[in-house]
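The values are calculated or read from the model by the stated rules, or taken from the named source; none is laboratory data. These figures come from a predicted structure and were not determined experimentally. Cβ: placed from backbone, ideal geometry, glycine included. Neighbour counts: every protein chain shown. Side chains included, ligands, DNA and RNA excluded: accessible areas come from the protein's heavy atoms. Shrake-Rupley method; radii C 1.70, N 1.55, O 1.52, S 1.80 Å.
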Amino acid sequence: MSGRRGLLPAEARGAGAILGRALAVWLALVALALASLAMAYVPLGRGNMAVALGISSLKMLLIAAFFMRLRQAEGLRRLAAAACLLWLAFLFALTFTDLLTRAPASQPAPSDLARPPAPTTGEGAF
Amino acid sequence: MKPVPLLHEPWRSTQRQERAASFGMWIFLGSEALLFGGLLLAFAATRALHVEGFRAAGRATDVALGTANTLILLTSSLAVAIAVEAARAERRRLALGGLLAGLLLGLGFLVVKGFEWHSDIAKGLFPGGAALQGMPGATLSSSFYWLLTGLHGLHVLGGLTLLGWMGLQAWRRLRPLRSPGLEAAGLYWHLVDVVWVFLYPLLYLDGRA
């Protein structure tokens, strides 16, 4: 595939068009950020983290598609971007299939118990 | 500083050069995503084992400063996105103005972060500090907080350096506005923003309900 020699013509886009589109995306991002803040105070139990991360994923897609210009990109660039997500997905999926399918521990995790303060005098002291 | 030509070896067309630069930058962004992804995986796995401690530490973070920083970084990304688009359209003032705004907002992010870290230390919110005694799960969460925000801060600094360098060259007419380097610097900055977009709920919005 031979490309043209020399310079491509500059994309003829008015300042208004550039600003308009970018500002619309920014407004959506700010709205989502404030929504995630508001939702954090709604008691949803385990749903809180899921909602927050869901909103974050949406923001990531907006930034990638519009600010990082993936919407207008050719296939190779989109493939590279999708590959980032793919390998992260492998990382998380395989780790959590292990973690979440472990048999319950025979003893409680020591870190969630209140630890009595270490003695400073007497036999137990260093 | 030497002028940077728009088209250089080995490419014979600017279109292929620009695609190669973007593709290469995305590969690098993939490696950065896996860096933070790995750390976030460690965070997620540790949190799964110490949920209450992480929620307690999440409540102790300064949500006002965290939210302010999120908005600052989002606006900085906006400015850089406008700058890159304007550069492609050869609109010099809009491009340079956008880069400057993005730089100043990025510096603002670091300033707010500095104040926040100072206040965290004063409140004893660090592993071994007074506020987290007797809550080992919260201590683990705090370790992640300092590691993640510290590493992210270094990336912000690196991104600002890159943007500043490209902007300086463009301002002094040593680098043409349509140079792929400018877009690559913008891509890096947007990744830094995306990382923060994920750090924000994990570090600031946990345990608030």
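For this structure, a couple of remarks:
Listed here are the residues, each with its yes/no results for (1) within 12 Å of the chain's Cα centre (by Cα); (2) surrounded by 15 or more Cβ atoms within 10 Å (Cβ to Cβ).
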position	(1), (2)
B:G124	no, no
B:L132	no, yes
B:M135	no, yes
B:S141	no, yes
B:L147	no, no
B:L154	yes, no
B:G159	yes, yes
B:G167	no, yes
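- Extreme residue, farthest from the other protein chains (Cβ to nearest Cβ), among residues of the range B:176-209 that are crowded, with 23+ Cβ neighbours inside 10 Å and hydroxyl-bearing (S, T, Y): B:S179
- Residues of the range A:26-41 satisfying the condition of being over 16 Å from the mean Cα position of the chain (by Cα), under 13 Å from B:S77 (Cα atoms) and either within 7 Å of chain B (Cβ to nearest Cβ) or buried (at least 16 other Cβ atoms within 10 Å of the Cβ) (or both): A:W26
- Test: residue in the range A:78-95 that is open to solvent by 80 Å² or more (accessible area, probe 1.4 Å), within 8 Å of another protein chain (Cβ to nearest Cβ), closer than 19 Å to B:E183 by Cβ and modelled with pLDDT under 95: no
- For A:K59: the one exception among (1) under 15 Å from B:R208 (Cβ atoms); (2) open to solvent by less than 20 Å² (accessible area, probe 1.4 Å): (1)
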